[in-house]
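Reading through the structure tokens given below for one structure.
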Amino acid sequence: MNTRIFGKTKLAVSEIGLGCWQLGGADWGNLEDARAFEILTAAADAGVTFLDTADVYGGGRSETLIGKFLKQRKGTFFVATKLGRMPDLYPDLYTEQGVRAATEASLKRLQVEALDLTQLHCVPPAVLEHGEIFDWLRRLQSEGKIKQFGASVESMDEAKTCLAQPGLGSLQIIFNLFRQKPIATIFDEARAKRVAIIVRLPLASGLLGGKMTKAQAFGANDHRNYNRDGQKFNVGETFAGLPFEKGVELADELKPLVPAGWTLADLAQRWILDFPAVTTVITGASRPEQAAANARVSKLPALSGELHQKLGEFYRERVAGFIRGPY
């Protein structure tokens, strides 16, 4: 596993991380504890050291499982969590006391004395623009409760708002072959300010795995069923904001560009890693073998300039006009 330096720190983290939303067992279908530990173990065995979670994933279940795993597994891991989407804060109940309580709860579930990174979890743009919430995070940092703070955002306008905040350690963004806007809007500034870029939804909720059909069925408690048109939260978090059927068509169109011996998922993740501004890619996994396969992408060679050009043209000509939601 190749590593990259995380922002302004001297810490090296795996360039392929593990997104742990699915470990909550609430938005990606059911997931038993035993399977969750198998996924975490497979990722760690493959060299993954970066784990991304949030307090709202399963109402704390994802954090709790990671905390138990860290007590059992030897090694150095970097755990990034998030706050701001639980009902005691979201959408308009943000207070310093509430943010502090959320931090203390995450510390307890993860069984650590200080959080490696806490991120504002897609909080409303007005809260980011007001800026007071960043002062609360700085106080928690000064007290040693959190080592770094960052923000997970929906749009590039929100990303720019956060980049203006002193001390910002990271930005988590949606970035994949179907959502290429960050390249021209924030990557240069993030690199100049040494702000780590954490990429979520690298496979566009599975579309870029290349195995879905228009007849695909998802469980009742899978956001790819209940949020595919933004019924519950930002539509961009599901299939990267594309209508599902169109997303399947576009993924199929990409298959002829996949290098021999690779999968579409390999291509999609390698493309992201080819951008130096990216620090780590937090691909999710619902099975241990998926976690291992994702980790192997770290060792694949960079794509050619010609292929990058074709993929950029594909986005501009075939994809961009279909994206919905804040971007």
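For Thr41, the requirement of being farther than 26 Å from Glu154 by Cα and not in a helix (DSSP H, G or I) is not met. Note on segment 218-327: enclosed helices (runs of 4 or more DSSP H) holding 3 or more residues that are in contact (Cβ under 8 Å) with a residue 60 or more places away in the chain are 244-254, 264-273, 288-296, 305-314.
Give me the pairs, please: first residue somewhere in segment 147-166 and under 12 Å from Pro124 (Cα atoms), second residue anywhere and among the aromatic types (Phe, Trp, Tyr) and not in a helix (DSSP H, G or I), beta-carbon distance under 7 Å, and either six or more positions apart or on two chains. What qualifies is Ser155/Tyr327. Scanning segment 44-71 for residues that are buried (at least 24 other Cβ atoms within 10 Å of the Cβ) and of a type outside the set (Val, Ile, Thr) yields a total of 9. Can we say Leu65 is closer than 22 Å to Ile198 by Cβ, of a type in the set (A, V, I, L, M, F, W, C) and modelled with pLDDT of 95 or more? Spelling it out, Leu65 is indeed closer than 22 Å to Ile198 by Cβ, of a type in the set (A, V, I, L, M, F, W, C) and modelled with pLDDT of 95 or more. Does segment 175-185 contain at least one residue that is more than 16 Å from Tyr315 (Cβ to Cβ) and either part of a loop (DSSP other than H, G, I, E, B) or among the aliphatic types (A, V, I, L, M) (or both)? No, segment 175-185 contains no residue that is more than 16 Å from Tyr315 (Cβ to Cβ) and either part of a loop (DSSP other than H, G, I, E, B) or among the aliphatic types (A, V, I, L, M) (or both). Scanning segment 26-41 for residues that are in contact with a strand residue (DSSP E or B) (Cβ under 9 Å, 6 or more places away or on another chain) and either charged (D, E, K, R) or within 17 Å of Asn294 (Cβ to Cβ) (or both) returns Asp27, Trp28, Ile39, Leu40. Looking at Lys74, Lys82, just one residue is among the basic types (Lys, Arg) and touching a strand residue (DSSP E or B) at 6+ places or on another chain (Cβ under 9 Å), and that residue is Lys82.
Check whether at least one residue in segment 91-98 is over 21 Å from Ile197 (Cβ atoms), surrounded by 18 or more Cβ atoms within 10 Å (Cβ to Cβ) and aromatic (Phe, Trp, Tyr), and report yes or no. There is at least one residue in segment 91-98 that is over 21 Å from Ile197 (Cβ atoms), surrounded by 18 or more Cβ atoms within 10 Å (Cβ to Cβ) and aromatic (Phe, Trp, Tyr). Of all residues being under 24 Å from Ala44 (Cβ atoms) and of a type in the set (Asp, Glu) in segment 249-295, which is farthest from the chain's Cα centre (by Cα)? Just the residue, please. If we take residues in segment 249-295 being under 24 Å from Ala44 (Cβ atoms) and of a type in the set (Asp, Glu), then Glu289 is farthest from the chain's Cα centre (by Cα).
The values are calculated or read from the model by the stated rules, or taken from the named source; none is laboratory data. Since the model is a prediction, treat every value here as computed from it, not as a measurement. In this analysis, Cβ positions are derived from the backbone assuming ideal geometry, glycine residues included, and neighbour counts consider all displayed protein chains.
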